[in-house]
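Every number in this text was worked out from the coordinates using simple rules, so none of it is lab data. Just so it is clear, the structure is predicted and the values come from calculations on it, not from any experiment. Every residue, glycine as well, gets a Cβ built from its backbone with ideal geometry; the counts of neighbours run over all protein chains shown.
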Amino acid sequence: MMGRVYDPGHITIGDDTIVGEKTTLDGRRQLPASRGGLTIGNHVDIASEVMIWTSQHDLKNPDFAAVEEPVHIEDYVFIGPRAIILPGVTIGRGAAVAAGAVVTKSVAPLSIVAGIPAATIGQRTPESLGYTLGRARWFQ
């Protein structure tokens with residue numbers, strides 16, 4: 001795999017989902033009551049070198065405290081190579097994230113986002129969903 005997985009007990013990955021090489025998956029939840037954790041739906045294609053974070057530092061806190069927020073990636077999402085998904089983000093059903101994008105806010109279903117920070121550049125159609133990846137191998 002040659003990737004990184006933090007706190008795998010708080011990561012859920014659906015059926016027919018691909019996770020590319022050198023990907024970082026963060027499921028951290030330091031406290032039982034914290035809101036971290038990572039949920040990845042069905043038929044999701046996560047390309048190589050993607051980073052998905054559920055924990056970050058509060059830059060305004062004098063203690064530089066960790067802040068944990070869950071990340072939800074819904075069904076039929078595509079995340080391009082080297083994209084970064086930050087804590088608290090939900091990527092809606094059928095959305096696509098372009099290569100190298102930095103996703104700081106939730107992405108609406110069927111939206112195509114790109115850039116830093118990621119912004120909507122297009123839309124997928126509902127008819128473009130319903131496929132099976134057919135080559136699903138976790139951490140290939």
Legend entry - Check: the chain dipole with +1 on Lys, Arg Cβ and -1 on Asp, Glu Cβ, in debye: 160
Legend entry - Karplus (6.51, -1.76, 1.60) ³J(HN,Hα), θ = phi - 60°, over the stretch 13-26, in Hz, Gly and Pro reported as x: 10, x, 6, 6, 10, 10, 10, x, 5, 6, 8, 9, 10, 10
Legend entry - Radius of gyration and maximum dimension Dmax of the stretch 1-139, Cα, Å: 14.5, 49
Legend entry - Cβ-based net charge around residue 58, under 13 Å, with every Lys or Arg adding one and every Asp or Glu removing one: -2
Inset, instruction - Just the number, please: percent antiparallel of the DSSP beta bridges in the stretch 4-128, rounded to the nearest 5. - result: 20
Inset, instruction - Enumerate by residue number the GluC sites (Glu not before Pro) in the stretch 55-140 meeting two conditions: DSSP loop (anything except H, G, I, E, B), and at most 16 other Cβ atoms within 10 Å of the site's Cβ. - result: none
Inset, instruction - Among 91, 59, 107, flag the residue with its Cα farthest along the positive direction of the charge dipole of the chain, charges on Cβ as +1 for Lys/Arg and -1 for Asp/Glu. - result: 59
Inset, instruction - Can you list which of the chymotrypsin sites (Phe, Trp or Tyr not before Pro) found in the stretch 47-118 are DSSP loop residues with at most 14 other C-beta atoms within 10 Å? - result: 64
